[in-house]
1. Report yes if Ala492 is modelled with pLDDT of 80 or more, more than 17 Å from Arg543 (Cα to Cα) and surrounded by fewer than 21 Cβ atoms within 10 Å (Cβ to Cβ), otherwise no.
2. Could you tell me which of the residues Asp558, Asp565, Asp553, Asp523 is in a loop (DSSP other than H, G, I, E, B) and either of a type in the set (D, E, K, R) or open to solvent by 70 Å² or more (accessible area, probe 1.4 Å) (or both)?
3. Could you please tell me which pairs satisfy a Cβ distance under 6 Å, a separation of 6+ or placement on different chains, a first residue in region 39-53 that is closer than 21 Å to Gly318 by Cβ, and a second residue that is in a helix (DSSP H, G or I) and not β-branched (Val, Ile, Thr)?
4. Would you be able to tell me the number of residues in region 789-805 that are in contact with a helix residue (DSSP H, G or I) (Cβ under 8 Å, 6 or more places away or on another chain) and either in a strand (DSSP E or B) or basic (Lys, Arg) (or both)?
5. For region 686-745, what are the residues that are in contact with a helix residue (DSSP H, G or I) (Cβ under 7 Å, 6 or more places away or on another chain), open to solvent by 70 Å² or more (accessible area, probe 1.4 Å) and over 17 Å from Ile786 (Cα atoms)?
6. In the list Glu701, Glu669, Glu707, which residue meets the criterion of being acidic (Asp, Glu), under 42 Å from the mean Cα position of the chain (by Cα) and modelled with pLDDT of 80 or more?
7. Only residues that are crowded, with 17+ Cβ neighbours inside 10 Å and more than 35 Å from the chain's Cα centre (by Cα): list them for region 237-249, please.
8. Going by what's in this entry, would Gly219 be described as modelled with pLDDT under 80, open to solvent by 30 Å² or more (accessible area, probe 1.4 Å) and of a type outside the set (S, T, N, Q)?
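The values are calculated or read from the model by the stated rules, or taken from the named source; none is laboratory data. Just so it is clear, the structure is predicted and the values come from calculations on it, not from any experiment. Here Cβ is always computed from backbone atoms with ideal geometry, including for glycine, and neighbour counts include all displayed protein chains. When the accessible area is computed, the model is the full protein with side chains, heavy atoms only, and any ligands, DNA or RNA have been set aside. Shrake-Rupley method; radii C 1.70, N 1.55, O 1.52, S 1.80 Å.
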Amino acid sequence: MAMSSPSCSERDRLPTIGMRGGLGRTLLTAFLILAILPLSAVSWYAITRERYDIQHQVTAQLSCVAAMMETQVRQWIEGHVAGLTLLANLPATRESASVLTSNTTGPSTGSGQASATALGQISEDSGHSASIARDTLRAQLRAVLEQDQAFRRLDVLDNEGWVLASTDPRAEGSLVEQALALELEQVPIFQFITLDPTADVGLVVIQRITGQNDGDGGGLPLLLIGWLNLNSLAQTLQMVSELGETGEIYLVDADGMALPQGQVVTSPVIESALAGGDGGGVVTPPLLYKNYAATPVIGVYRWMPELGLALVAEQAQGEAFATTDNVAAAVIGATLVVALVTAIVAAVVTRQITRPVVQLTESALCIAEGDLEQHVSVTSRDEIGILAYVFNRMTAELKALYDDLEEKVTQRTALLQQANYQIQRRAIQLAATIEVSQAATSILEPDQLLQDVVRLVQDHFVYPYVGIYLLDEDGKGAMLRAATGGSDEVAAVKAQPVWVGDGSAVWQASLTGEPCVIVWESDCAGESFSSPCIRAEASLPLRLGNQIIGVLDVLSTDAGGFDADSVSVLQNVANQTTIALENARAYEKEKDAARRLREMDEFKSRFLAHMSHELREPLMNIIGFSRVVLKGLDGPVSDQQRQDLQIVYANSQHLLGLINDLLDISQIEAGLMELQLQELDLAEIINSVMATASALVRDREIELRREIVPGLPKVQADAARIRQVLLRLLTNAARSTARGHIAVRAWPDGESVLVSVSDTGRSIAPQDQERIFERFEQRGNGAAGIGLALSKEFVEMHGGGIWVESKVGEGSTFTFSLPLPLGD
């Protein structure tokens, strides 16, 4: 029965049109999220990090400038003080001072009449010489004033504060109250009056002038006082250019007066500085704050206690973070541009993806309505293009179905079976890839790994033969390391080594680093493999970076068995195999190295134990016989012989102690050391060890102290081992201490008891404090470096810990803890 093809009207297409927006919106949203969110996160981190770096960079720069300016301020003050010191020590100045002090008697009152009398109370016989001395002083003061414009006035005062000579004649004969308020024994001194640069006098400097005969007790000392203006210092502060356009540096006194601003200022930094804090060049807190002008700044301060001033350096945050703000604006703009471009690209891509799907859906609806004259244009070779191609074929077949229904049903069934086979084949390939990945992460033996890989590839890809070749060290040949499948003839051919230039697929893949596929004719295959069934061969390189370490070789009985997808999957398997093989090789090397280290460690332990036992017997004989001779059992000995024997005896005892330590180390490493735990009174152990340690400091300026908290709880410990730990710590302290004291303290701390040994000897550098408990590490006192390591072992066997604290010039403190029994 003929069937007409009804047209597909717009009304029939409405359900499809309603579905067009869903997939497109989803893809567009996904594109935008994947583009904008990572970029925004990276941009935010980059900007935040840059602001943090700039903040610390500006702080470091401000600290450097503040330190430099502090030096310049001190040099400015010291320069003026040095000028007055030089003037006060000139022979002419001292000679004039001697004349004035020997001919002048200071007034007893502070009235104006008395000041006039101070200048006139010179005997007629010496009046002329006093006048000459005063004129000389005036000339010298004016010379200094002309050379240093910062001085506003220079005066010479007697010990009661009366002006004897001055660069200002009007000041002569007057009383200087500032001089009376100062401690004259402390001169030369200086004192800031004000930091206002507009004030005539901001700083006063006082220097003592002694007469030529003052060393013999004759004459009275005079004072040289200079009145300084701070204008030049203010100019120095304003000339700093390293702080940028908005940066400034200024001094602040206790009243909040700032130089060069000449006004009272306040800010969090100024308040912290005036409180006497030392920021160490960094404001803490805050680092970011508002200055006296309410401008957000980054600032640091330096407190100068001897001057009573704070030096503050600041830079506006706007200038400091200007580049960051520009970068932020650029990043935001770039983000918007990327979002726009992403939206456009996503829209185009989404349209390219959804339009064929919509067309296919509409055509399918039309076919469902009976219109078999549908055809979709195939514009791509991707999955959608394949789907369109299959759809067109399906449409053609459906149209032809009306002519020969049975034949078309058979053909359609075949096509569906072929499509199902391809899908199943791809699923099997993906499963094989997953299993290879699992094997790569679980098998660490190279040969087993390669054998499992070839087995998995053959089982899942259904190839007749799979083998893996590895290149030799010189790269001249490839040897078969694992293979599976194939007839005896094929296996024998593939088992032969592959050499340079033989033209095989294996060598081409290893030479070029790219997959090589060869399709064989039946007669060529029979000649090469003794089997006409082999029709294709694929060789996939095992690449490790730019290095080729081997080849995965696969044979197929289908000439088209190695399409692009199959080669891609096999290359992925080869890449995973390469990584797994390198991991397995690395694991083998590491395991071999670990085995060798264990063997060396065991050999060392056996050697120490054997040598210690071998040395003990002759050493015990030396100790015994030297003791017998010292006691006079073999006859009298001379004093020199006794002294030599005592040295032999003492050194033998020391060597025996070292051998016992080595035996302890051997027992600990062998796991044979056992503790004899019992309820232990640490106070008794400490007292007995202190009695033994008193012999270590005999005839030396060292005081032994003990501080044990009353009622110290008892612990479960091995008395012999704890005694060894205490004695070793006291011995080390005695060796490193020339004079001072050694203190042993014990006190409870939570669930444990702490014991410390402190000394005033040589300190331990911070970088050495961790490794000092390692074996054969010395504190610098000539010891072998075993005692502290054993002490650490013994304490940790009790469940405690041991550590050291040391500061330069203060000695060291070794502390160890012992846990209290449960329930205490």
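1. Values: modelled with pLDDT of 80 or more: yes; more than 17 Å from Arg543 (Cα to Cα): yes; surrounded by fewer than 21 Cβ atoms within 10 Å (Cβ to Cβ): yes.
For Ala492, the condition - modelled with pLDDT of 80 or more, more than 17 Å from Arg543 (Cα to Cα) and surrounded by fewer than 21 Cβ atoms within 10 Å (Cβ to Cβ) - is met.
2. Numbers: Asp565 fails: in a loop (DSSP other than H, G, I, E, B); Asp553 fails: in a loop (DSSP other than H, G, I, E, B); Asp523 fails: in a loop (DSSP other than H, G, I, E, B).
Within the list Asp558, Asp565, Asp553, Asp523, the selection yields Asp558.
3. Ile47/Ala328
4. Going residue by residue through region 789-805, those that are in contact with a helix residue (DSSP H, G or I) (Cβ under 8 Å, 6 or more places away or on another chain) are 789-795, 797-798, 801-802, 804.
Add one more test, that the residue is either in a strand (DSSP E or B) or basic (Lys, Arg) (or both), and what stays is 792, 802, 804.
Of the residues in that region, 3 qualify.
5. Arg706
6. Values: Glu701 fails: under 42 Å from the mean Cα position of the chain (by Cα); Glu669 fails: modelled with pLDDT of 80 or more.
Answer to the check: Glu707.
7. Across region 237-249, the qualifying residue is only Leu237.
8. Values: modelled with pLDDT under 80: yes; open to solvent by 30 Å² or more (accessible area, probe 1.4 Å): yes; of a type outside the set (S, T, N, Q): yes.
In short, yes.
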